[in-house]
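The values are calculated or read from the model by the stated rules, or taken from the named source; none is laboratory data. Just so it is clear, the model here is predicted, and its values are computed rather than measured. FYI the Cβ positions are ideal-geometry reconstructions off the backbone, even for glycines, and counts take in every protein chain you see.
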Amino acid sequence: MKIVIADDHAIVRSGFSMILNFQDDIEVIGAAADGREAYILVAKFRPDILIMDLSMPPGESGLVATGKIKEDYPDTKILILTMHDDDEYLFHVLKNGASGYVLKSAPDEELLLAIRTIYEGGTYIHPKMATSLVREFIKQDKSAGTEDLFELLSKRELEILPLIAKGYGNKEIAEKLFISVKTVEAHKAKIMEKLNLKSRPELVEYALRKKMLDF
């Protein structure tokens, strides 16, 4: 199995590379510090599996990159490796094309099991999170078909929304747009209110669906 690892911490990339390269059937062929670099490496090497962290500030997030990579390189399977024990993150990464979701706190054996499971065409989710996944799916299904409120956003909100989705903090957005941090916070609250969004993963998914994110 040819594998690429994407994580913003060099020590994490090195650690997982050592664990995986010790296996007879696994070879790490590349490492990336954010979603943009992960996309480039997948395009170059076409690995069997991409192991990707969700949050890689200030670079491109793993959630954003997952949707783009699966659209352009569907043969590469994506395993999300993250600190976030969060039902909504799990639901959204699977919707965006990931084949598995493993917590960084999991033992090495679970990571290897997840890799081999998705390589063989399966999906790996930690058993404790399976119930949460079903519950979130039901909630999302009930809300399907709601009105698209995109046209309610102001020009400034349309500028800020993709920056939030890409993982930029309030201060970074304020510096990019030459506005105050308080103004960014106010616009962010308005965006969430107008679009009926409750969390950052929902906002990222909305931005992806509207093709507001690019590389």
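Only one of these is over 25 Å from SER99 (Cα atoms) and modelled with pLDDT under 80: GLU175, GLU151. Name it.
Among GLU175, GLU151, only GLU151 is over 25 Å from SER99 (Cα atoms) and modelled with pLDDT under 80.
In segment 22-122, which strands (runs of 3 or more DSSP E) lie fully inside it and hold 3 or more residues that are in the same structural domain as LYS171 (by TED's automatic domain parsing)?
It comes to none.
Test of understanding: among VAL4, VAL12, VAL64, which residue is under 19 Å from the mean Cα position of the chain (by Cα), modelled with pLDDT under 95 and under 22 Å from GLU109 (Cβ atoms)?
VAL12
Give the residue, chosen from ALA33, ALA38, that is at negative phi, touching an Asp or Glu at 6+ places or on another chain (Cβ under 9 Å) and surrounded by fewer than 18 Cβ atoms within 10 Å (Cβ to Cβ).
It is ALA33.
Kindly list, by first and then second residue, each pair from a residue in segment 116-129 that is closer than 17 Å to HIS92 by Cβ to a residue that is at pLDDT 90 or above and among the charged types (D, E, K, R), limited to pairs with Cβ atoms under 8 Å and residues at least 6 apart or on different chains.
From segment 116-129, the pairs are HIS126/GLU110.
Considering (1) within 11 Å of ILE49 (Cβ to Cβ); (2) within 17 Å of the chain's Cα centre (by Cα), say which one ILE115 fails and leave the rest.
Of (1) within 11 Å of ILE49 (Cβ to Cβ); (2) within 17 Å of the chain's Cα centre (by Cα), only one is false for ILE115: (2).
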